[in-house]
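No lab work stands behind these numbers, since they all come straight from the coordinates. These figures come from a predicted structure and were not determined experimentally. Every residue, glycine among them, receives a Cβ derived from its backbone with ideal geometry; neighbour counts consider all protein chains shown.
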């Protein structure tokens, strides 16, 4: 409630300053740090993957893929399947994530190749597959490529 009150007060002050003829601040010439394709933005992508996967949020994971090039195999040992839309990517991800009760998903390794605009990541996915498979840890290999000043996943592969 206090935060909402503060925001309303701030909005009121801003509108009264504009009404009084106060000149607008010039646009910032500093580059948006998120638009640079350095190591930090690649780490942010993999941090987003980690959070979405741990929550079994296929929609959020699908928002991180490059639909022109993504290939997905979430079931260990399954062949890679292309997803041409975010809906298709979400379906492929959800189809497998719903079968596993994810206990944790942790990124363990990053490798950035700035010349090729490529970043590889490795994660450990711990979950309960039920039945004879039970609880186990699976290695997940992720590949991201830079496109339009942003990193997108182009491959998601779970491996035994």
Query raised in the report: Any idea how far apart residue 44 and residue 87 come out in nm if each label point goes 7 Å out from Cα toward Cβ?
Result: 2.9 nm
Requested in this report: Take the alpha-carbon positions of region 35-159, form their convex hull, and give its projected area averaged over all directions (one quarter of the hull surface) in nm².
Outcome: 6.9 nm²
